[in-house]
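Below is one structure, written out as structure tokens; comments come after it.
The values are calculated or read from the model by the stated rules, or taken from the named source; none is laboratory data. Given the structure is predicted, the values throughout are model-derived calculations rather than measurements. Neighbour counts run over all protein chains shown; Cβ positions are idealised from the backbone, glycine included.
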Amino acid sequence: MASFHQRVFSGMQPTSTLHLGNYLGALTNWVAMQETHECIYCVVDMHAITMWQDPADLKRAIREVTAAYVAAGIDTKKSIIFNQSQVSGHAELAWITNCVVRLGWMNRMTQFKEKAGKDKENASLGLYAYPSLMAADILLYKATHVPVGEDQKQHLELTRDTAQKFNNDFAAQIAGLELGTGDLGFFPLPEPMTQGPAPRVMSLRDGTKKMSKSDASDNSRINLTDDAETIATKIRKAKTDPDALPSEEKGLEGRAEAENLVGIYAGLNGQTKTQVLAEFGGSQFSGFKAALVDLAVAKLSPIAGEMRRLLDDVSHIDAILGRGAERAEAIAAPIMRDVKDIVGFVRRG
């Protein structure tokens, strides 16, 4: 039976400095995936401008996120790293997906409501149409798998719906031009990537809130650019409670800050929370934090150091993005040509 070539696509927005949550929740899995899959990792700068960005800051952030990808262990020879705006197919296919996606589908997207808030009449059309562009990003490479967090699962469902509707709407053209993959159609229906139990990293100041780039307090997060002293200081200042660590995971219930720090230790050390508590159960936080400082500094400060080294040579970062864009374009261009033929555009030969 015919099948689609297995390919992974994912990306991050260059809106501010990446942090520990991005590292444990995504980057560590991306690094592992490149050993078993063909991977395309994008810096989604077109998504970033759905909300206004200072142009100089945006350029800096694009390069910084690229440096974080490489410093975390993504191999530019094994995987493709590029920024979205360098491949015009993203914008071209986004208009076509805009014409396939139904307004009712878009009205159900919860993230627009969250980001636009009460002032949705003043939000950009780009912010509203963001999920359609995300669908185009994925379909442009006929990606079969997408690693997504909880907040993006709805958008991946919309991508699947978009692919299915395109395949159905143009079934005769796809068959007539012999551009499909049997009964599967032209576009695959991308699957969410199974990544295992990635830790949900919460704020160091409030264990009930997710660690976020937008939090006003820099002490709420560990940035991937933080040096060893800053990492240590933030962990020592992290909010805890007066009780000792429990010996079993059930004892973390109702103790958000304790659970968060145990989860961070487990994520950084490749363990489960149960394994961490078997070692530290009964310990006071002073001792546990000291161990967490040592571990976090050992794991994260080399990434910060490598990012600084990479960012000292902007031309090198730009070359990585340029080479990646050429490789991405080589995959996207023939797919985009086929899409234009399917929908009935007259194009240059």
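Structure above, values below:
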item: Residue identified as under 14 Å from residue 24 (Cβ atoms) and either in the same structural domain as residue 149 (by TED's automatic domain parsing) or touching a Leu at 6+ places or on another chain (Cβ under 6 Å) (or both) among 264, 222; result: 222
item: Of the criteria (1) out of contact with any Lys or Arg (no Cβ under 6 Å at 6 or more places or on another chain); (2) assigned to a loop (DSSP other than H, G, I, E, B); (3) in contact (Cβ under 8 Å) with a residue 40 or more places away in the chain, which one residue 154 fails; result: (2)
item: Any hit, region 169-180, residues being surrounded by 20 or more Cβ atoms within 10 Å (Cβ to Cβ) and either touching an Asp or Glu at 6+ places or on another chain (Cβ under 7 Å) or closer than 22 Å to residue 37 by Cα (or both); result: no
item: Selection status of residue 204, modelled with pLDDT of 90 or more, in a loop (DSSP other than H, G, I, E, B) and farther than 28 Å from residue 230 by Cβ; result: no
item: Residues of region 62-84 that turn out to be among the hydroxyl-bearing types (Ser, Thr, Tyr) and surrounded by fewer than 20 Cβ atoms within 10 Å (Cβ to Cβ), as a count; result: 1
item: Considering residues of region 33-61 that are in contact (Cβ under 8 Å) with a residue 60 or more places away in the chain, surrounded by fewer than 22 Cβ atoms within 10 Å (Cβ to Cβ) and of a type in the set (Val, Ile, Thr) only, the residue nearest to residue 298 (Cα to Cα); result: 49
item: Only one of 331, 235 that is among the hydrophobic types (A, V, I, L, M, F, W, C), in contact (Cβ under 8 Å) with a residue 40 or more places away in the chain and in the same structural domain as residue 167 (by TED's automatic domain parsing); result: 331
item: Lone unmet requirement of (1) of a type outside the set (A, V, I, L, M, F, W, C); (2) under 23 Å from residue 330 (Cα atoms); (3) in contact with a helix residue (DSSP H, G or I) (Cβ under 9 Å, 6 or more places away or on another chain); (4) assigned by TED's automatic domain parsing to the domain that holds residue 127 for residue 35; result: (3)
item: In region 209-266, the residues that are under 25 Å from residue 12 (Cα atoms), of a type in the set (Ser, Thr, Tyr) and in contact with a Lys or Arg (Cβ under 8 Å, 6 or more places away or on another chain); result: 212, 217, 220, 225
item: Check on residue 305, outside the structural domain of residue 29 (by TED's automatic domain parsing), at positive phi and not hydroxyl-bearing (Ser, Thr, Tyr); result: no
item: Filter result (modelled with pLDDT of 95 or more and β-branched (Val, Ile, Thr)) within region 234-261; result: 235
item: Members of region 65-79 that are hydrophobic (A, V, I, L, M, F, W, C) and touching a Phe, Trp or Tyr at 6+ places or on another chain (Cβ under 7 Å); result: 72, 74
item: Condition met for residue 81 (over 30 Å from residue 227 (Cα atoms), modelled with pLDDT of 95 or more and not in a loop (DSSP other than H, G, I, E, B)); result: no
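Yes/no per residue for (1) over 30 Å from residue 326 (Cβ atoms); (2) at pLDDT 85 or above; (3) surrounded by 14 or more Cβ atoms within 10 Å (Cβ to Cβ):
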{"residue": "90", "(1), (2), (3)": "no, yes, yes"}
{"residue": "93", "(1), (2), (3)": "no, yes, yes"}
{"residue": "96", "(1), (2), (3)": "no, yes, yes"}
{"residue": "101", "(1), (2), (3)": "no, yes, yes"}
{"residue": "106", "(1), (2), (3)": "yes, yes, yes"}
{"residue": "116", "(1), (2), (3)": "yes, no, yes"}
{"residue": "119", "(1), (2), (3)": "yes, no, no"}
{"residue": "122", "(1), (2), (3)": "yes, no, no"}
{"residue": "130", "(1), (2), (3)": "no, yes, yes"}
